[in-house]
Amino acid sequence: MNIKNVLAREVLDSRGNPTVEVEITLNGDIKARGISPSGASTGEKEAVELRDGDRKRYGGKGVEKAVEGIQTEVQKAIVNHKFATQKEFDQFLIGLDGTPDKSRLGANAILALSIAFARASSLANKIPLYRQLFDRERYVMPVPCMNVINGGRHADNNINFQEFMIAPHHAPSFKESIRMGEEVFHTLKDLLRKKGYATGVGDEGGFAPNLKSDEEALEIILEAIIAAGYQPGKDISICLDPATSEMWSDGKYQFFKSDKKELSSDEMIQLWESWIKQYPIILLEDGLGENDWEGWQKLTKKLASQIELVGDDIFCTNPKIIQKGIHQKIANSVLIKLNQIGTIWETLEAVSLAQQNDYHCFISHRSGETEDTTIADLVVATNAGHIKTGSGCRTERIAKFNQLLRIEEELGTKATFAGLETFKFN
Ligand code: PGA
Ligand code: ZN
């Protein structure tokens, strides 16, 4: 791939905050774009976004410096250069940046470049992006874990925990699975309205009502599953991301919205144990915080044989930290977010390290998203079997589902739907 030109611009994400878009042109005038997403409840060890800090523009969140770095330094370094593989291109950028956390050029700049290069390569090779990322005979279509109730840092309501998701796993295809999910989503809206709750949505498109408690979120979701004609646990189960790093302070978990209590690490584990007994929960992400490694070991020992325990903030999609986690028997699954590590190649490295060690990979969007649908291709490429990319509405979330519908149609008999098996451990 010989790079003819590279352009960057400041565009906007789904929260109306600036982010970086890159356009790469290869020889033969093949042109492709990539856009970086952005998180709100970020892990401490994530690759660093470069933001201007000029409070006169976008409250300091502008990305003109990141854009300028691409238009000057990066452009000079990569235009008229050949890169044979994604690895070569991404490693070149990592070297050019020169910092361990990508803070000089910015992970937001580097990821947008990396995505644009992957997309341009797929066009040059005349293959779909998922095949460009990983060429296989057969692919697995993911279960969409739809975040139907938003709380925590993603909504201004009184729910402490961040994400209450439904996983419509008992379906013959992705297409049918997403239909089931949408039916529950719409039924849930009717139920909330009938109960006198607000039906406005949070950052990821899930409803953001003021409920009496976090438990009520589970109860009302179960009610919606049944009212939509499905059986909880058999057809549709529940996945949770309470994002507890946000609650961790002075060695305790502070419930910072409703029910202002504080729980120790052991008490949090007890809470999860009781919820798992009571509700059809098959996946728990960040059940404990990123600085509570001891608690995580206990949680894993207690619950890893029963459900999928996903590490998000604790791993930050970083192969070095994932390796340490595997060694210390932390979790049994890794959340995969492209911009936590900052390049496509390192993301694929993180996935392969996890999969080689029998950890699952749960592919994820960020709360600040765009029309970029790369994670839809990524989940198919990696056969990861499940994805979280928001709720049943808002186009920056639905764009990923629509891309998955296209991919499933294109693959035809070369694809199978993941189903409940994807959440199980042998
Ligand atoms: P974020 O949330 O994108 O705001 O970090 C997603 C998550 O915690 O999984
Ligand atoms: Zn998370």
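The values are calculated or read from the model by the stated rules, or taken from the named source; none is laboratory data. Remember, it's a predicted structure, so these values are computed and weren't measured experimentally. So basically every Cβ, Gly included, is an ideal-geometry build from the backbone, and we count neighbours across all protein chains shown. Ligands, DNA and RNA are excluded from the accessible area calculation, which covers all protein heavy atoms including side chains. Shrake-Rupley method; radii C 1.70, N 1.55, O 1.52, S 1.80 Å.
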Return one number: the angle in degrees, 0 to 90 and rounded to the nearest 10, between the long axis of the Cα atoms of helix 293-303 and the longest principal axis of the Cα atoms of the chain.
-> 60 degrees
Using alpha-carbon coordinates, inclination of helix 265-278 to the longest axis of the chain, degrees = 70 degrees
In the chain, what % of DSSP beta bridges are antiparallel (nearest 5)?
-> 60 percent
In the chain the accessible area split gives carbon plus sulfur, as whole percent at 1.4 Å, a share of 48 percent
Compute the whole-percent fraction of alpha carbon pairs in the chain spaced more than 28 Å apart.
-> 46 percent
Considering only protein heavy atoms, with the full assembly of protein chains and a 1.4 angstrom probe, order Ile30, Ile24 by accessible area, largest first.
-> Ile30, Ile24
So if we plug the beta-carbon distance of Gln254 and Glu294 into 1/(1 + (r/R0)^6) with R0 = 30 Å, what FRET efficiency do we get, rounded to 0.05?
-> 0.95
Go through His154, His186 and list them by solvent-accessible area, largest first, probe radius 1.4 Å.
-> His186, His154
Pairs of lysine in segment 197-286 with Cα under 23 Å and at least 8 positions apart or on different chains: total?
-> 9
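Accessible area per residue, 1.4 Å probe, Å², for the chain: what's the number?
39 Å²
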Helix axis angle, 214-227 relative to the chain longest principal axis, alpha carbon, degrees | 90 degrees
Computed accessible area, Thr382, all protein chains, 1.4 angstrom probe, square angstrom = 10 Å²
How much accessible area does Thr85 have with a 1.4 Å probe, in Å² rounded to the nearest 10?
-> 70 Å²
Can you count the Lys pairs in segment 3-126 with C-alpha separation below 12 Å, eight or more apart or on different chains?
-> 4
So how do Asp135, Asp90 rank on accessible area, 1.4 Å probe, biggest first, that is with the largest at the start?
-> Asp135, Asp90
Order of 45-52, 322-329, 230-237, 409-416 by packing, highest average Cβ count within 10 Å first?
-> 45-52, 230-237, 322-329, 409-416
